[in-house]
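Comments concern the structure below.
The values are calculated or read from the model by the stated rules, or taken from the named source; none is laboratory data. These figures come from a predicted structure and were not determined experimentally. So basically every Cβ, Gly included, is an ideal-geometry build from the backbone, and we count neighbours across all protein chains shown. Surface accessibility is based on the protein's heavy atoms, side chains included, excluding ligands, DNA and RNA. Shrake-Rupley method; radii C 1.70, N 1.55, O 1.52, S 1.80 Å.
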Amino acid sequence: MSQDLYQAPDYYQLDDLLTEEHKLIRDAARDWVKREVSPIIEQAAQDAKFPTSIVKGLAEIGAFGPYIPEEYGGAGLDQMSYGLIMQEIERGDSGVRSTASVQSSLVMYPIWKFGSEAQKQKYLPKLASGEFLGCFGLTEPDYGSNPGGMVTNIKDMGDHFLLNGAKMWISNAPFADVAVVWAKNEEGRIKGVLVERGMEGFSTPETHNKWSLRASSTGELIFDNVKIPKDNILPNKDGLGAPLLCLDSARYGIAWGAIGAAMDCYDTALRYAKERVQFDKPIGAYQLQQKKLAEMITEITKAQLLTWRLGTLRNEDKATSAQISMAKRNNVEMAINIAREARQILGAMGITGEYSIMRHMMNLESVITYEGTHDIHLLITGFDITGLPAFK
């Protein structure tokens, strides 16, 4: 088991822009990742198994609903804190961050924002503590970038609803206790539905043979005449805008998380370049390697500045969906490019599990697609600046 020697880069002294509380929260998450995630994550990825032993620790560092008010079991933190926690968790592994951000932004957030008081009291404290784990059902086999085309539906049966349909590529699905599912009613209006494990007709088959997010559990949600109590409908918002607000929160967390993956790849490559000797000197002394490293730290710094500003706007409730899309797209592309360059610096060693780079690279191939594909986010920016939709 290799020792975690990670040292976070801060080329523009961005720590000076953070409060002492922000740094304490981030450092607690960073220390936890070093202690609890780094020693086990390579084996978990090799085994394609989510390490359930870390769930309690994720809850303890505030990774589940950090911005949820304390009255519902959350930590009552700001958006900057949420981002910093996601950055540190994804520095460990994108799949672990996926579990945390799904729980926070796609399960707890809609219950908090759109749920009844009874729903908040019932679910949020258990989700915050990790007693319950949740998932988010929007994507379908035939509807990914066009979620409004969904065919999953609910039918009013008088004293309950009947839910039918299927969702695909759902993080946390195989072990989720509660699923926030989006379905159309008989008028074609999209509604949020809380589906609990154990409901008759509800199954969650696991997706196998993944080359990416191997330490994350992915599956399907199958609904075969599932009886849904009327109390399990989210009452305070419907329409496609409701799940898209959840995705804004999740994409914001991804924008931070991708920086963590990039920083880990850069730090690994920098250390290796100083230690690996060829032709009688460290490879870091050669111009081509310095070019790679200099470009890496430049792109990381630009992403840090972009995301810090976005966090400030989120705290002030000023950030737009398009601004969040820009940060998600930019930062994930930055991270995947850095992973590829870092792998080259390590040569053949870069493909082994002795180093984290190849795992990050494979994970980022999913991150660049989920929560809005790379191309769709580009079109969101295009629409925002021109006012002309290019989606269809």
Point to revise | Whichever residue in segment 116-130 is of a type in the set (D, E, K, R) and touching a residue at least 12 places away in the same chain (Cβ under 8 Å) and, among such residues, is least open to solvent (accessible area, probe 1.4 Å) | key: Lys120
Review point. Checking Arg309 against (1) over 26 Å from Asp15 (Cα atoms); (2) surrounded by fewer than 21 Cβ atoms within 10 Å (Cβ to Cβ), which test does it fail?
Key: (1)
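Determine, yes or no, whether Ser325 is hydroxyl-bearing (Ser, Thr, Tyr), under 16 Å from Arg271 (Cα atoms), surrounded by 24 or more Cβ atoms within 10 Å (Cβ to Cβ) and out of contact with any Pro (no Cβ under 6 Å at 6 or more places or on another chain). Before you say what the answer is, go through the steps one by one.
Working: hydroxyl-bearing (Ser, Thr, Tyr): yes; under 16 Å from Arg271 (Cα atoms): no; surrounded by 24 or more Cβ atoms within 10 Å (Cβ to Cβ): yes; out of contact with any Pro (no Cβ under 6 Å at 6 or more places or on another chain): yes.
Considered against the rule, which asks whether it is hydroxyl-bearing (Ser, Thr, Tyr), under 16 Å from Arg271 (Cα atoms), surrounded by 24 or more Cβ atoms within 10 Å (Cβ to Cβ) and out of contact with any Pro (no Cβ under 6 Å at 6 or more places or on another chain), Ser325 comes out as no.
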Practice item. Only residues in segment 91-115 that are charged (D, E, K, R) count as the first member; pair them with residues that are at pLDDT below 95, Cβ under 9 angstrom, at least 6 apart or cross-chain, and list the lot. Key: none
Check your understanding: Does segment 274-290 contain at least one residue that is under 26 Å from Asp4 (Cα atoms), of a type in the set (S, T, N, Q) and open to solvent by less than 20 Å² (accessible area, probe 1.4 Å)?
Key -> no
Point to revise | Count of residues meeting criterion [open to solvent by less than 10 Å² (accessible area, probe 1.4 Å) and not polar (S, T, N, Q)] in segment 103-113 | key: 5
Check your understanding: How do the pairs read when you match residues in segment 170-184 that are at positive phi with residues anywhere that are at pLDDT 95 or above and not aliphatic (A, V, I, L, M), using Cβ under 7 Å and keeping only pairs 6 or more apart or on different chains?
Key -> Asn172/Thr99; Asn172/Gly134; Asn172/Cys135; Asn172/Ser217
Check your understanding: Looking at segment 132-150, is at least one residue open to solvent by 50 Å² or more (accessible area, probe 1.4 Å), of a type outside the set (Phe, Trp, Tyr) and touching a Leu at 6+ places or on another chain (Cβ under 7 Å)?
Key -> no
Check your understanding: From the residues in segment 40-64 that are aliphatic (A, V, I, L, M) and not in a helix (DSSP H, G or I), which one is surrounded by the fewest Cβ atoms within 10 Å (Cβ to Cβ)?
Key -> Ala48
Review point. For segment 197-237, what are the residues that are open to solvent by 80 Å² or more (accessible area, probe 1.4 Å), of a type in the set (Lys, Arg) and assigned to a loop (DSSP other than H, G, I, E, B)?
Key: Arg197
Review point. Tell me, which residue of segment 151-163 that is open to solvent by 50 Å² or more (accessible area, probe 1.4 Å) and of a type in the set (A, V, I, L, M, F, W, C) is nearest to the chain's Cα centre (by Cα)?
Key: Val151
Point to revise | Pair list, Cβ < 6 Å and 6+ apart or interchain, from segment 53-68 residues that are in contact (Cβ under 8 Å) with a residue 40 or more places away in the chain to residues that are open to solvent by 20 Å² or more (accessible area, probe 1.4 Å) and of a type in the set (Ser, Thr, Tyr) | key: Ala59/Ser129
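Would you check which residues across segment 348-360 are touching a residue at least 40 places away in the same chain (Cβ under 8 Å) and either within 22 Å of Leu106 (Cα to Cα) or open to solvent by less than 60 Å² (accessible area, probe 1.4 Å) (or both) and list them? It would help to see each step written out before you state the result.
As a first pass, look at segment 348-360 and keep what is touching a residue at least 40 places away in the same chain (Cβ under 8 Å): 349, 353-357, 359-360.
Of everything in segment 348-360, those that are touching a residue at least 40 places away in the same chain (Cβ under 8 Å) and either within 22 Å of Leu106 (Cα to Cα) or open to solvent by less than 60 Å² (accessible area, probe 1.4 Å) (or both) turn out to be Gly353, Tyr355, Ser356, Ile357, Arg359, His360.
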**Study point:** Among the residues listed as Thr373, Thr320, the single one being open to solvent by 30 Å² or more (accessible area, probe 1.4 Å), within 18 Å of the chain's Cα centre (by Cα) and more than 13 Å from Met296 (Cβ to Cβ)
**Key:** Thr373
Practice item. Would you tally the residues in segment 141-159 being closer than 19 Å to Ser203 by Cα and touching a residue at least 40 places away in the same chain (Cβ under 8 Å)? Key: 3
Review point. Restricting the search to segment 1-26, which residues are open to solvent by less than 70 Å² (accessible area, probe 1.4 Å) and in contact with a Leu (Cβ under 9 Å, 6 or more places away or on another chain)?
Key: Pro9, Leu14, Leu18, His22, Lys23, Ile25, Arg26
Study note, to complete from the structure: Scanning segment 380-392 for residues that are in a loop (DSSP other than H, G, I, E, B) and either open to solvent by 60 Å² or more (accessible area, probe 1.4 Å) or charged (D, E, K, R) (or both) gives Leu388, Pro389, Ala390, Phe391, Lys392
Check your understanding: Among the residues of segment 135-145, is any farther than 15 Å from Ala183 by Cβ and small (Gly, Ala, Ser)?
Key -> yes
**Study point:** The one condition in (1) within 19 Å of Tyr123 (Cβ to Cβ); (2) modelled with pLDDT under 95 that Ser145 fails to fulfil
**Key:** (1)
Check your understanding: List the pairs whose first member sits in segment 380-392 and is closer than 16 Å to Met326 by Cα, whose second member is charged (D, E, K, R) and surrounded by 10 or more Cβ atoms within 10 Å (Cβ to Cβ), and whose Cβ atoms are under 9 Å apart, counting only residues at least 6 apart or on separate chains?
Key -> Ile380/Arg329; Thr381/Arg329
